[in-house]
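Okay, structure first, notes after.
The values are calculated or read from the model by the stated rules, or taken from the named source; none is laboratory data. The structure presented is a predicted model; accordingly, all values stated were derived computationally and were not measured. Every residue, glycine as well, gets a Cβ built from its backbone with ideal geometry; the counts of neighbours run over all protein chains shown.
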Amino acid sequence: MFINRGVRLEGTDRSVRALRLGQSGPSRAPTHRREFLYRAGAGLASVAFSSLLHGAKKPHHAAKAKACIFLLMEGGPSHIDTFDPKPKLKELHMTEFARKDKFASQMESGKRYYVTSPFEFRRAGQAGVEMNTLFANLAGCADDICFYRGGIAENTNHPTALFHLNTGSPFGADPAIGSWVSYGLGTENENLPSFLVLPDLMYPQGGATNWSSGFLPPQFQGVALRAEGSPVLDMSPPAGVSRESLRANLDVLASMNKAHAAQHPDHAELVARMESYELAYRMQAEMPEAMAIEKETGATRAMYGLDDPDSANFGRRCLLARRLVERGVRFVQVIASGWDSHDDIATAHGNRMRAVDKPIAALIKDLKRTGLLDSTLIVWAGEFGRSADNGVRKGAKAWGRDHNAGAMPVWFAGGGTKAGTIVGATDETGQKAIEVVHPLKDLHVTILHLMGLDDAKLTYFHSGRFKQLSQTGGELIREVIA
């Protein structure tokens with residue numbers, strides 16, 4: 001019998017998993033020891049099944065955050081043009097650059113030139129952090145944010161870099177960080193999924209693999225809501241179907257599925273399907289109210305930018321994120337695409353900043369107003385940063401930046417992080433991180449720690465070994481923790 005070294009009796013231990021099945025109904029006699037262990041949980045029925053899947057679980061240590069909102073800026077935002085400006089680039093603008101570090105992109109060819117930022121900056125907050133002036137609203141939240149400049153990625157290819165950021169592995173087969181949090185902590189509201197994803201109009205590169213449960217049981221995968229129209233279809237029973245009749249039909253289906261599951265206790269997909277039916281039924285009672293942003297005041301909707309076509313889409317999803325964590329959802333990922341600015345970064349990044357500035361500032365202020373910021377961790381990051389150079393024609397009037405894994409922008413707010421601080425630094429051109437440098441696995445370990453989880457204990461037995469989010473272990477970024 002496999003015992004998870006993180007104390008939890010969970011994993012691919014089949015005897016333990018049998019307890020999840022709530023087996024009932026006729027079954028043939030066990031023919032060997034393994035099958036006997038499979039059936040050891042018979043008779044516990046839905047009590048054991050529900051407690052293992054739905055109940056809130058104790059964290060490994062005192063948690064600073066109960067929920068996390070991960071703001072994913074898909075495409076790779078430029079640290080140089082957002083929160084880490086480099087005056088040296090004005091001096092070097094359009095001078096030739098020979099890139100020799102290990103992060104040099106395979107796409108690079110021909111002559112390359114340093115390029116300065118086309119944006120203006122101003123100092124904000126008591127720490128005097130330099131921020132792009134297009135972050136007019138977010139500047140007012142500078143004293144609530146911990147700006148981290150020491151992060152580095154390992155990949156400069158979008159799908160692999162996104163997989164690495166979201167799952168800890170560049171190969172796209174491992175559980176997303178939200179799945180690990182859901183697995184480790186359970187849910188505080190059994191009527192809503194514990195891991196929800198609010199994608200942009202287009203899914204990020206790599207698609208739904210970015211919020212997959214990987215080798216964890218399927219019920220821990222992220223649930224993606226629709227970016228336009230109703231976030232969830234069929235939130236009410238069909239016309240003429242009452243809640244009572246729907247419940248009766250589900251009970252019949254559940255009895256049939258449980259009988260089938262008793263014959264196939266190692267089929268996690270069947271267990272997940274059974275659970276999805278029940279969750280869908282419960283969601284019909286609570287999800288419509290959670291999604292009802294029209295109940296918010298006009299002032300609140302305007303604060304999130306819902307009256308501005310530039311910010312309305314992202315603002316709607318940030319407002320939904322706040323409503324979801326209020327109702328006990330553990331992990332919400334909100335995605336803003338379009339940050340891959342290789343050419344005219346002034347226009348492309350400018351549009352992106354105008355789209356996210358007001359909604360993100362509103363999210364921070366709203367959580368602070370309701371007293372939830374202390375217990376809600378906000379993480380802002382893309383899959384990598386941008387380069388100090390570009391292969392433009394010398395003297396060009398518009399330019400962009402290429403991929404750069406050697407430095408990437410990350411910031412935190414709430415959830416036990418050090419507000420109003422700048423941690424780490426990049427070199428004078430922004431090409432690489434040089435102070436308080438940490439890889440992505442350390443970012444993951446730190447997020448889990450803030451939520452009361454120890455990466456070394458949050459494990460799952462798969463393919464002959466215990467696996468964890470960090471893959472091989474990591475270190476806390478202690479400088480960002482209050």
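Observations, loosely collected:
- Contact map, segment 198-225: first residue at positive phi and assigned by TED's automatic domain parsing to the domain that holds Thr187, second residue crowded, with 23+ Cβ neighbours inside 10 Å and assigned to a helix (DSSP H, G or I), Cβ cut-off under 7 Å, separation 6 or more or different chains; pairs are Gly206/Leu162; Gly206/Phe163; Gly214/Thr167; Gly214/Ser179.
- Scanning segment 423-447 for residues that are surrounded by fewer than 20 Cβ atoms within 10 Å (Cβ to Cβ) and either of a type in the set (A, V, I, L, M) or under 25 Å from Asp366 (Cβ atoms) (or both) gives Ala425, Ile434, Val436, Val437.
- The lone exception for Leu450 - which of (1) farther than 21 Å from Gly150 by Cβ; (2) crowded, with 22+ Cβ neighbours inside 10 Å it fails: (1)
- Among the residues of segment 210-230, those identified as crowded, with 18+ Cβ neighbours inside 10 Å and touching a Ser or Thr at 6+ places or on another chain (Cβ under 8 Å) are Asn210, Trp211, Ser212, Ser213, Gly214, Leu216, Gln219, Phe220, Gln221, Gly222.
Yes or no, residue by residue, for (1) assigned to a helix (DSSP H, G or I); (2) within 18 Å of Pro77 (Cβ to Cβ); (3) free of Cβ contacts under 8 Å to residues at least 60 places away in the same chain:
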| position | (1), (2), (3) |
| --- | --- |
| Asp310 | no, yes, yes |
| Asn313 | yes, yes, no |
| Arg316 | yes, no, yes |
| Ala346 | yes, yes, no |
| Gly350 | yes, yes, no |
| Ala355 | yes, yes, yes |
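- Exclusive hit being under 14 Å from Leu71 (Cβ atoms), in contact (Cβ under 8 Å) with a residue 24 or more places away in the chain and not hydrophobic (A, V, I, L, M, F, W, C), set Asn132, Asn155, Asn166: Asn166
- Of Gly420, Gly382, Gly415, all but one fail to be over 26 Å from Gly338 (Cα atoms), small (Gly, Ala, Ser) and buried (at least 24 other Cβ atoms within 10 Å of the Cβ); the exception is Gly415.
- Condition check for Ala321: more than 26 Å from Ser179 (Cα to Cα) and assigned to a helix (DSSP H, G or I): no
- Residue count for segment 333-347, restricted to those that are charged (D, E, K, R) and under 27 Å from Ala321 (Cβ atoms): 1
- Qualifying positions in segment 385-408 - of a type in the set (Asp, Glu) and either touching a His at 6+ places or on another chain (Cβ under 6 Å) or closer than 19 Å to Ser337 by Cβ (or both): Asp402
- Hey, Thr370 more than 18 Å from the chain's Cα centre (by Cα), of a type in the set (S, T, N, Q) and either surrounded by fewer than 19 Cβ atoms within 10 Å (Cβ to Cβ) or closer than 25 Å to Ala124 by Cα (or both) or not: yes
- Between Gly371, Gly452, Gly420, Gly395, the distinction of being at positive phi and free of Cβ contacts under 8 Å to residues at least 60 places away in the same chain belongs to Gly371 only.
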